[in-house]
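Remarks on the structure that follows.
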Amino acid sequence: MKRITAAVCVLGMALAGAAEGQQSDVASKLGYPNLIVYNAKIVSMDDPSFRSSVGKIVPAMALRADKILATGSNAEIRALAGPQTRQIDLKGRTVLPSFIMTHEHPTDWAFQEPEAIRHALGGDDNDVLIARWLKPEAPQKQFEAFEPALKEALAKAKKGQSILLSFNFGPEYEYASEIPKLFPRIITKSRLDQLAPDNPVKVKNGFITSVINSKALSELKKVYPTLQGCIDGGPNTEEEIKIYEQTGLAFSRPVEPDVAFQGKTALLADVLKAEMELWAAYGITTFGSSPYADHNFQALSYLDKRGDMPGRFAWGYQGPDYHIDTLRHISGLLGHGTDHFWNIGAWGTSGGTCTTLDASPEVKRREECSFAPGSVGREVLEDIIRTGGRIATMHTGGDKDIDYYLDAIEKASKEAGFTAQEIQSKRHAFDHASGAPRPDQFPRIKRLGMIISMLNTLLWENRRDYDTSFRVRDYGIEYAHWAVPRGSVTQAGIMNTFEIDRPLPHKVFFFIYKGMTRYNDADKRAYGERERTDRIIQLKALTTWGSYYVLRENLLGSLEPGKYADFIVLDRDYLSIPDSEIPNIRVLMTVVGGKTLHLLPSLAQEIGTQPAGPVTWKTRPLENLTPGLN
């Protein structure tokens, strides 16, 4: 018989001696499980090492309230059942910890795809805003459709009502290179002002970059008078703000939450809740990100206070205020919060694209450093570190700026008098790994106790000057392994985590596969093959190591007694199916804190209950179904 904890043995004896007819309040005092799943393949992921090991695999698990009570054999766990315990026979299906996405921001994706808005607000035309989503057609057709779509939206809108219109990169992001190149030439603030002088308008290029009109800008200034933090995050220079006011071109993240949803916190909370529910349907239940706007933070807090947060949001502070006293306060919040909403750090300016590599003059002109000595970005980094804070949820780019970042950690930590152990305990991080770290940086990163979030999307997406293939064209094939170097970073003993950083939750298993193969579909070749890893290392990045990034390794990332009951049930065995089948895996069920957030009809019927989650939403027109939920 497999061993279970002594506490569970004692509990089992107490339950065995209790009368079958005990009332539920007595059962609660004794600690009966609410739910038992058995006849499963429960992959614990309780091995945080850098080996390709998933740890224990057991057939059964008992849940009590929001946590795992025990794991073990079918007989051991089913013996814990009380009169009110529900038992589910999973018939051999695989169970994994639900996924932790570092650098993933549902507060953006809620306004990038239509389903959350349609579900929460009842459709594209509602009292808050008028939303229009262009069809995934060829770029030229989308640009031709833009003005008619905007005019039609204006005809529906009330005076002063916000309008959101988005281009479409296509289901496989096949237009992700061409549309951004044409977008700022065709979609201009002056033209939006002509078409819509009385309504705040935001037009997105298919991703986060957008153009807003003068009305939207004036409404935004009522909330952010200096426009600090409204461009690409803060801090912003006077020149950046001036250009933004002239062109309306930037990320402009606060426009939807702080203009369209001004004074409508409960409705904004409903939209963000719906987006997190959508991601949960694909197994993703914990996010590490900045909320990116004040009202987003308030709405998430509102959800949390009313006990309605569907997932877990580990937030990083980003602007607009970087006064030293503010940073001291944020640093004091590190690790603090609730079960669903807590702080994991802060950051200021995104890392730049500058590299130590030789390249053509044209390529070098495009490079930018954000953390060079004397820069505003460097000053903010050092202030965060010096005040006892942690750098996390921060975008980064090239290896030269990572050098500057490492310098900032060492310099500011020394000035603050931190010991080596205190520095390591912070777990400073950087995200994307799009062109760093380079191999000679590994020892320094490990010595500082850092964690690296990696963006497998770069191994697939065909975007100019961003994905792996374009970096190779700029700098040479010998540097392909600098992009998302998961294999060598793992071998060096550095924890690395997982992000999609796109509104594509349905492709999570596809991106796992991309990390295994590093095959670029556009170029029909693999890049940096030595950075391939097996499926278990990819899974550790999504679970075990992710819990360390979000500072909750004692509660998340593995299926062990005492940890949160956050798990997913799959339609096939992740550990044994052929590699090529991994992208086809479907999540049948998602549970967070013991609550079922997602349940497909097939499994619901089998276990005698009703489907749950986005599959049940009534505002899901067939042409916009997210794959895997129909």
Item checked: Value of Rg to Rh for the chain (Rh from inverse mean 1/r over Cα pairs, i.e. Kirkwood) -> 0.97
Check: Restricting attention to the alpha-carbon atoms of the stretch 515-630, what are Rg (one decimal) and Dmax (integer), both in Å?
Finding: 17.2, 48
Note to self: Compute the orientation-averaged projected area for the stretch 265-549 from the convex hull of its Cα atoms and round it to one decimal in nm².
What the structure shows: 14.6
Next item on the list: State whether the stretch 129-260 is rounded, prolate or oblate according to the following rule on the C-alpha gyration tensor (a ≥ b ≥ c being the square roots of its eigenvalues): a/c under 1.5 gives rounded; otherwise a/b larger than b/c gives prolate, and the remaining case gives oblate.
Entry: oblate
Margin query: With N set to the number of residues, divide the alpha-carbon radius of gyration of the stretch 344-418 by 2.2 N^0.38 Å and report two decimals.
Written below: 1.14
Next item on the list: Report Rg (one decimal) and Dmax (nearest whole number) for the stretch 91-176, counting Cα atoms only, units Å.
Entry: 16.9, 58
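With contacts defined as alpha carbon pairs under 8 Å and 6 or more residues apart, what's the relative contact order of the chain in percent?
15
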Next item on the list: Calculate for the chain the 222 nm mean residue ellipticity that helices alone would give, adding -39,500 (n - 2.57) per DSSP H run of length 4 or more and normalising by residue count, nearest 500 deg cm²/dmol.
Entry: -10000 deg cm²/dmol
Check: Taking N as the number of residues in the stretch 447-550, what is its Cα Rg relative to 2.2 N^0.38 Å?
Finding: 1.02
Check: Can you give the angle from 0 to 90° between the axis of helix 294-305 and the longest principal axis of the chain, with both taken from C-alpha atoms, to the nearest 10?
Finding: 10
Checklist line | Helix 508-517 vs. the chain, principal-axis angle (Cα, 0 to 90°, nearest 10) | finding: 80
Checklist line | Order of 413, 214 - criterion: other Cβ atoms within 10 Å of each residue's Cβ, fewest first | finding: 214, 413
Margin query: Starting from a Cα-only point model with no solvent, please compute log10 I(q)/I(0) by Debye for the stretch 24-109 at q = 0.10, 0.14, 0.22 1/Å.
Written below: -0.33, -0.59, -1.00
Check: To the nearest 10 degrees, how steep is helix 139-156 against the longest Cα principal axis of the chain, on a 0 to 90 scale?
Finding: 90
Notebook entry, point to check: Which residues' amide hydrogens lie under 5 Å from the amide hydrogen of residue 312, considering only partners 5 or more residues apart or on another chain, with H built in the peptide plane?
Noted result: 286, 287
Next item on the list: Given a cut-off of 29 Å, name the pairs among 181/524; 204/446; 158/305 whose C-alpha atoms lie farther apart than that in the structure shown.
Entry: 204/446; 158/305
Item checked: Potential extension, residue 294-residue 190 segment - 0.36 nm per residue separation minus Cα distance -> 34.7 nm
Note to self: Take the residue pairs 67/514; 135/618; 264/618 and return only those whose Cα atoms are more than 25 Å apart.
What the structure shows: 67/514
Margin query: 5 Å is the cut-off here: which amide hydrogens, built 1.01 Å from N in the peptide plane, fall below it relative to residue 572, excluding neighbours closer than 5 in sequence?
Written below: 94, 586
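Read-outs throughout are calculated quantities, based only on the coordinates presented, and are distinct from any laboratory measurement. Just so you know, these numbers come straight off a predicted model, no measurement behind them. Glycine gets a Cβ as well: all are built from the backbone with ideal geometry, and neighbour counts include every protein chain shown.
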